[in-house]
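Some notes on the structure that comes next.
The values are calculated or read from the model by the stated rules, or taken from the named source; none is laboratory data. In this text, all values refer to a predicted model and were calculated from it rather than measured experimentally. Cβ placement follows ideal geometry from the backbone for every residue including glycine, while neighbour counts extend to all protein chains displayed.
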Amino acid sequence: MPATVISNVRVFDGAQLGAPTTVLLHDGLIGAGPAPRAAEHVDGRGGALLPGFIDTHAHIDDAAQLRAMAQWGVTTVLDMGAAHLDATMSLKDRPGLPTLKTAGRVASGPGSMFITKMGFPASTGVTGPGDAARFVADRVAERSDYLKIIVEDPKIPGSKPLPADTVAALVTAAHAAGLCTVAHVVSIDTLRTALTAGVDIVTHTPVAGTLDDSLRHRIAESDVAVIPTLAMMDGVVHTIGGRLPMRLLSLVVPGLRMRYHHAESVVAAFAAAGRAILVGTDANSNHDSPFQPPYGQSLHDELARLVAAGLTPAQALRGATSLAADTFALTDRGTISPGSRADVVLIDGDPTRDIAATRAIRGVWIAGDRVRPEGTNR
């Protein structure tokens, strides 16, 4: 691919935009030194150049979803559960598409809704602590990039939760295999279970119940990151939380009463503890899901929600770039520096002052190759 020179652009360094400069994209990397004579030149017009966005929680079934991600500046996608594993795996390492990593098949309790309704095989039901090593070995054989564990709340009707000792055994087995662990949590109790088990990352933020001092202290003591998926949690409040059976149940079990501000308070607790807060959308196409955030576009909604929850724009941007890369050990991306992968997004405006500016996208490059606008052949 030809080299590209982007001039008169202000680079986001993780805290602020720098002075106008020139950035070289060459051989798929951020280059240094003089540009090749045949390089394409792009005038940044004083805009902002950001590392390509990393969506740390999505569900990918086909290439069209990845193309939609790319149009919105998402250059790396972390799939958080692939019921149809072959289809998802076939999308990895496709030139011109965002990099795709995946948890593959997720761990849940035998007979859980993830098996009975969402298409995961019965073999993904973990029968107890003694079954954890087998489950992890299966994921390693399938080339999962990290392990996802579903931590359900027994108070929710129809749930088939993994016992706490099984969750802990899965974490231990995954770490022994060199895999990062991500726990799906749905309530304050499941958040506590995940933290006690020693998971690396929790995804979702409980919309029912409030944090107590002991849990805040555990968050502060744990080296754990969070993927809040605030747009999804708002969707859950308005769908599941709005259904008559759940409204009636919450009258009997007040801890199940759903409110969006609970999710924001969890974000605030992680921020106060200095923990990494990552950007993930839970974009999905599953009609059994309580909400379906749109691919790509919802990342910008998530950035805005995190700022509304108390993060600075720069903190939110780091959660979609360098922090996400560091947490998932994606060592070749997340910053704009010589030798890094040439995944970049050119936008108008200053997103460190107004996070809404991330939507004003002028150009996206994946490994130095410019993403074509949908509907064009250029």
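Quick look at the values:
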item	result
Filter pass, T321 being assigned by TED's automatic domain parsing to the domain that holds P98 and among the hydroxyl-bearing types (S, T, Y)	yes
Count of segment 328-356 residues which are touching a strand residue (DSSP E or B) at 6+ places or on another chain (Cβ under 6 Å) and of a type in the set (A, V, I, L, M)	6
Single residue of segment 38-67 satisfying the filter (among the aliphatic types (A, V, I, L, M) and under 16 Å from the mean Cα position of the chain (by Cα)) that is surrounded by the most Cβ atoms within 10 Å (Cβ to Cβ)	I54
Test result for D138, assigned to a helix (DSSP H, G or I), surrounded by fewer than 20 Cβ atoms within 10 Å (Cβ to Cβ), at pLDDT 95 or above and in contact with a Pro (Cβ under 7 Å, 6 or more places away or on another chain)	no
Residue among A68, A3 that alone is modelled with pLDDT of 95 or more and out of contact with any strand residue (DSSP E or B) (no Cβ under 7 Å at 6 or more places or on another chain)	A68
Residue identified as closer than 27 Å to A316 by Cα and out of contact with any Cys (no Cβ under 6 Å at 6 or more places or on another chain) among I54, I115	I54
Flag if P373 is in a loop (DSSP other than H, G, I, E, B), more than 24 Å from D62 (Cβ to Cβ) and touching a residue at least 60 places away in the same chain (Cβ under 8 Å)	no
Enumerated helices (runs of 4 or more DSSP H) restricted to segment 153-271, each holding at least 1 residues that are within 23 Å of P293 (Cβ to Cβ) and at pLDDT 95 or above	188-197, 230-239
Qualifying positions in segment 312-351 - in a loop (DSSP other than H, G, I, E, B) and surrounded by 22 or more Cβ atoms within 10 Å (Cβ to Cβ)	A320, T321, F328, R333, G334, I336, A342, D343, P351
In segment 141-166, the residues that are buried (at least 16 other Cβ atoms within 10 Å of the Cβ) and at positive phi	none
Single match in V23, V5 (criterion: more than 21 Å from M232 (Cα to Cα), free of Cβ contacts under 8 Å to residues at least 60 places away in the same chain, out of contact with any helix residue (DSSP H, G or I) (no Cβ under 6 Å at 6 or more places or on another chain) and buried (at least 16 other Cβ atoms within 10 Å of the Cβ))	V5
Flag for A174 being free of Cβ contacts under 8 Å to residues at least 60 places away in the same chain, over 29 Å from R341 (Cβ atoms) and in the same structural domain as R216 (by TED's automatic domain parsing)	no
Flag for R45 being in the same structural domain as R143 (by TED's automatic domain parsing), over 15 Å from L317 (Cα atoms), touching a residue at least 60 places away in the same chain (Cβ under 8 Å) and out of contact with any Ser or Thr (no Cβ under 9 Å at 6 or more places or on another chain)	no
Residue within segment 341-360 that is among the hydroxyl-bearing types (S, T, Y), assigned by TED's automatic domain parsing to the domain that holds L147 and over 18 Å from R275 (Cβ atoms) present	no
Cross-chain or 6+ apart pairs with Cβ under 6 Å, segment 272-293 first and assigned by TED's automatic domain parsing to the domain that holds H204, then among the hydroxyl-bearing types (S, T, Y) and in a strand (DSSP E or B)	L278/T56; G280/T56
Residue among D13, D27 that alone is closer than 20 Å to R359 by Cα and not assigned by TED's automatic domain parsing to the domain that holds L303	D13
Only one of P373, P338 that is closer than 14 Å to W72 by Cβ and of a type outside the set (D, E)	P373
